[in-house]
Amino acid sequence: MTEPIMDADDAIERALLDAELPPLLAALATATGDPALLPDHLRPTTVNPLMPQGGYSPAQQDEVRALALATLGAVRDGRLSFRQGPADEEEMPATGRFLAGTDAGRYLPLLIDEVATRDDPAAPRWRKERLAPDRRFHVVIVGAGMSGLLAGHRLGQAGVPYTIVEKNGDVGGTWLENTYPGCRVDVSSHLYSYSFLEHDDWPAYFSTQDVLLDYFRRFADRTGVRERIRFGTEVLAAEFDDETCAWTVRVRTPDGGTEILRAQAVISAVGQLNRPSYPRIEGMGDFNGPSFHSARWEHGLDLTGKRVAVIGTGASAFQFVPEIARTAGSLVIFQRTAPWLGPTPHYHAPVADGLRWLFRHVPGYSRWYRFWLFASTVEGGLPAVEVDPAWRDGERSVSAPNDERRALLTAYLEHLFADRPDLLRAAIPDYPPGAKRMLRDNGVWAAALKRDNVTLVTDPISRITDHGISTDDGDHDADVIIYATGFSASDFLMPMTVTGRNGADLHKRWNGDARAYLGMTVPEFPNLFLMYGPNTNIVVNGSIIFFSECETHYILECLGSLLRDGHRALECREEVHDAYNEMIDAANRRRAWGVSTVNSWYKNALGRVAQNWPFTLMEYWERTRVPDIDDYHVL
Ligand code: N01
């Protein structure tokens with residue numbers, strides 16, 4: 001709800017110093033209906049987040065602030081009023097084009113969906129009681145994380161009965177399980193949120209774990225989804241019955257018993273990063289002290305004054321090491337592969353007071369702000385990770401733009417470690433930018449590594465002993481070992497047994513190499529839909545919540561078509577699935593993560609990239625708008 005403006009000019013002027021100016025103009029033009037607020041000479045020249053304020057010159061920034069002050073002052077003084085109700089959808093393309101440039105033409109439908117003037121344009125446009133009121137159609141969703149909650153909400157909106165089965169005692173998935181100190185998301189808060197439920201008042205530019213968990217909890221409560229969740233219940237097996245075209249889902253109940261649920265469709269929303277991965281290191285069982293995985297943080301264990309060993313330097317370690325380094329007696333970090341660091345000075349910053357004031361007082365500003373962020377991530381860093389086949393330095397960089405990126409990021413590391421050549425040598429990655437997840441950095445990692453009580457070890461671990469960790473250069477005694485060794489991302493849908501048509505076994509079919517059509521459907525497994533399934537992870541562009549929204553839209557469209565046409569099930573055609581996967585594989589081979597030989601969770605044991613989506617967000621959005629029923633056998 002927008003608050004009335006009561007503040008004096010000088011307070012508004014101060015708030016405007018914190019404004020992101022291009023989307024502010026868009027919001028003011030939309031709220032007042034005055035196109036004069038979008039003059040040609042104030043069109044931003046870029047949406048690149050590395051170029052502040054859309055490339056405005058200082059004079060242009062002053063002009064925008066003056067325009068905004070005049071408009072907000074006029075509203076305060078009653079000489080102008082903001083329009084009531086939703087903004088005019090017809091104006092959206094022009095405003096979107098003003099912000100995102102003429103190239104935005106292709107992206108406009110997607111961008112408008114993201115910043116829609118209507119409350120929730122992506123809500124299903126059908127209801128079961130209209131399409132098939134008497135038909136029994138129940139859906140089982142596995143997992144109550146961000147994706148499962150969304151799927152439940154959408155089914156509820158369509159009037160389709162559903163049950164969510166969740167092994168944990170609460171919602172939130174990864175944001176419930178990962179509670180290590182310093183845990184936060186590395187995608188902007190205004191993007192890492194449902195498009196229809198943005199949060200005007202995010203406390204930080206990048207939300208912390210507790211804030212996100214609270215967001216998903218409140219979503220589950222507010223939408224009524226929580227009432228449909230069976231907590232403490234784990235799916236053991238799901239089996240498709242060829243005769244009835246229905247699924248039998250066997251679950252373990254909280255009391256240890258088993259129960260059968262029946263469903264016409266099953267949606268797996270278990271995610272890719274839900275099963276901690278422990279390394280295989282000789283002697284792991286010999287260690288005398290406590291040890292735990294970063295996703296199973298032992299909060300009861302006080303690390304103050306302890307000798308702590310951390311294995312791994314991925315996104316998780318990167319966040320908790322600076323936190324625990326402050327109190328640990330000593331901290332030894334075992335690094336196998338150095339991460340690239342993306343400079344993000346405001347990574348830990350609270351959202352500036354002025355920006356928050358503007359979100360509260362300018363109707364639609366937070367939406368246009370989201371649009372602005374979104375426009376910059378539609379392609380994101382993709383152009384810089386595309387492989388140039390003529391480029392000959394594959395393990396350093398994969399193209400001229402990638403090499404430029406490498407030079408910029410190396411310069412950043414040189415700046416961070418200027419006073420510590422020993423750490424600098426260890427910090428410069430020997431693989432191309434984009435081959436692994438780049439980590440957002442505001443300098444706290446380097447500061448932690450430079451502490452007197454912290455040691456970075458790059459010698460390979462040879463074994464774990466009863467009193468610590470040994471490498472070729474000696475023994476490192478430890479009281480506690482923390483495994484920051486990531487997740488078994490390739491083990492999609494493990495450890496469930498999933499049996500499809502004619503007794504087909506999903507894990508046998510995959511044989512460690514999971515594939516699906518659009519990441520969602522698999523031949524021989526009718527009416528089984530996967531969310532955050534194979535090849536739907538993004539490395540350098542966008543927010544994974546966007547993918548979940550595309551997936552729920554597509555799944556709901558499929559289910560709607562079944563109900564409308566009186567069919568029982570959809571089964572992906574083998575040839576459609578295969579052609580799609582060939583296309584995905586070919587594209588992934590032309591990305592930095594596909595050609596580099598560096599370790600990463602993006603490849604399965606066979607070396608295939610089974611996790612990543614190699615294209616733009618637009619491409620996934622387009623492919624998931626309207627299911628082509630010819631892609632499926634209709635049962
Ligand atoms: O896991 P990882 P993570 N000996 O797999 C090392 C998301 N996430 O939990 O690089 C020694 O990235 C391994 O070494 P190497 C995000 O998508 C997001 O940190 O394989 N070391 C690596 O350093 C992220 O990408 C956020 O050579 C061993 C580390 O362990 C994904 O989750 C925060 C080893 C594992 O890193 C996973 O991140 C956290 C061994 N035997 C997570 N085995 C944010 O939003 C493994 N390693 C910020």
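Rule-based calculations on the coordinates, nothing more; no lab input. Source: prediction; values computed, not measured. All Cβ positions, glycine included, derive from the backbone under ideal geometry; neighbour counts span all protein chains shown.
With r defined as the distance between the Cβ atoms of Thr244 and Arg125 and R0 fixed at 25 Å, what FRET efficiency is calculated, to the nearest 0.05?
0.30
Evaluated at 20 °C with a viscosity of 1.002 mPa s, what Stokes-Einstein diffusion coefficient in µm²/s does segment 1-142 have when Rh comes from the Kirkwood expression over alpha-carbon pairs?
In µm²/s, the coefficient is 122.
Report the extension gain between Asp578 and Asp34 in nm, rounded to one decimal, defined as 0.36 nm multiplied by the number of residues separating them, less their alpha carbon distance.
Additional length available on full extension: 190.7 nm.
Over segment 175-307, consider all pairs of different Cα atoms and compute the Kirkwood hydrodynamic radius from their mean reciprocal separation; express it in Å, one decimal.
About 18.9 Å for segment 175-307.
Using just the Cα positions, wrap segment 1-40 in a convex hull and report its mean projected area in square nanometres, one decimal place.
Over every viewing direction, the Cα hull of segment 1-40 projects on average to 3.6 nm².
Taking only the alpha-carbon atoms of segment 588-635, what semi-axes of the equivalent ellipsoid follow from 5 times the gyration tensor eigenvalues under a square root, in whole Å, largest first?
29, 15, 7
What residues from segment 597-635 fall in the zone where the backbone N is under 11 Å from a label point 7 Å along the Cα-to-C-beta line of His567?
In segment 597-635, the label zone of His567 (backbone N under 11 Å from the point 7 Å along Cα→Cβ) covers 627-635.
Given H placed 1.01 Å from N in the peptide plane, which residues other than close sequence neighbours of Ser462 have an amide H under 5 Å from its amide H?
Answer set, sorted by chain and number: Ser470, Thr471, Asp472.
Filter the DSSP H helices in the chain by two things, a Kyte-Doolittle mean of at least 0.0 and an axial alpha-carbon span of 20 angstrom or more, and list the hits by number.
Flagged H segments are 58-76, 544-565.
So, with +1 on the Cβ of K and R and -1 on the Cβ of D and E, and no other charges, what is the size of the charge dipole of segment 241-339 about its Cα centre, to the nearest 20 debye?
460
Which log10 I(q)/I(0) values does the chain give at q = 0.11 Å⁻¹ under the Debye formula, counting every alpha carbon as one identical point scatterer?
Result of the Debye calculation: -1.19.
What is the magnitude of the charge dipole of segment 33-142 about its Cα centre, with +1 placed on the Cβ of each Lys and Arg, -1 on the Cβ of each Asp and Glu, and no other charges, expressed in debye to the nearest 20?
Result for segment 33-142 is approximately 520 debye, rounded to the nearest 20.
By count of other Cβ within 10 Å, fewest leading, how are Phe320, Phe231 ordered?
The order, fewest Cβ neighbours first, is Phe231, Phe320.
Can you give me the distance in nm between label points at Arg623 and Phe231, each placed 7 Å from the Cα along the Cα-to-Cβ direction?
Here the answer is 3.7 nm between the modelled labels.
Tell me the Rg and the Dmax, in Å, that the Cα atoms of segment 380-458 produce.
14.1, 46
Can you divide the C-alpha Rg of segment 7-86 by 2.2 N^0.38 Å and report the result to two decimal places?
Output field value: 1.10.
Testing the spin-label approximation: label points 7 Å from Cα along Cα→Cβ at Val634 and Arg79. State their distance in nm.
6.3
Considering only DSSP beta bridges with both partners in the chain, what is the antiparallel share in %, to the nearest 5?
If I count the DSSP bridges inside the chain, around 45 percent turn out antiparallel.
May I ask you to work out the translational diffusion coefficient for segment 90-178 at 4 °C, viscosity 1.567 mPa s, via Stokes-Einstein with Rh from the Kirkwood sum over Cα pairs, reported in whole µm²/s?
In µm²/s, the coefficient is 82.
To the nearest 500 deg cm²/dmol, what mean residue ellipticity at 222 nm is calculated for the chain from DSSP H runs of n ≥ 4 alone, each contributing -39,500 (n - 2.57), summed and divided by the residues?
Helices in the chain give a 222 nm mean residue ellipticity of -9500 deg cm²/dmol.
By how many nm would the segment from Leu197 to Ala504 lengthen if fully extended, with 0.36 nm per residue of separation less the alpha-carbon distance?
So the extension gain works out to 106.6 nm.
So for segment 153-196, what percent of the C-alpha to C-alpha distances run longer than 18 Å?
53
Given charges of +1 on the Cβ of Lys and Arg and -1 on the Cβ of Asp and Glu, with all other atoms neutral, how large is the dipole of segment 432-483 about its Cα centre, in debye to the nearest 20?
540
Could you estimate the translational diffusion coefficient of segment 529-635 from the Stokes-Einstein equation, with Rh from the Kirkwood formula over C-alpha pairs, at 4 °C and 1.567 mPa s, in whole µm²/s?
The calculation lands on 86 µm²/s.
Modelling each spin label as a point 7 Å along the Cα-to-Cβ direction, I'd like the His415/Arg296 distance in nm, to one decimal.
Taking the two extended label points, one gets 4.1 nm.
Just want the ordering: Lys603, Lys128, from fewest to most Cβ atoms lying within 10 Å of their own Cβ.
Fewest to most other Cβ atoms nearby, the residues stand as Lys128, Lys603.
Percent antiparallel among DSSP beta bridges with both residues in segment 337-489, to the nearest 5?
So the antiparallel bridges amount to about 75 percent of the total.
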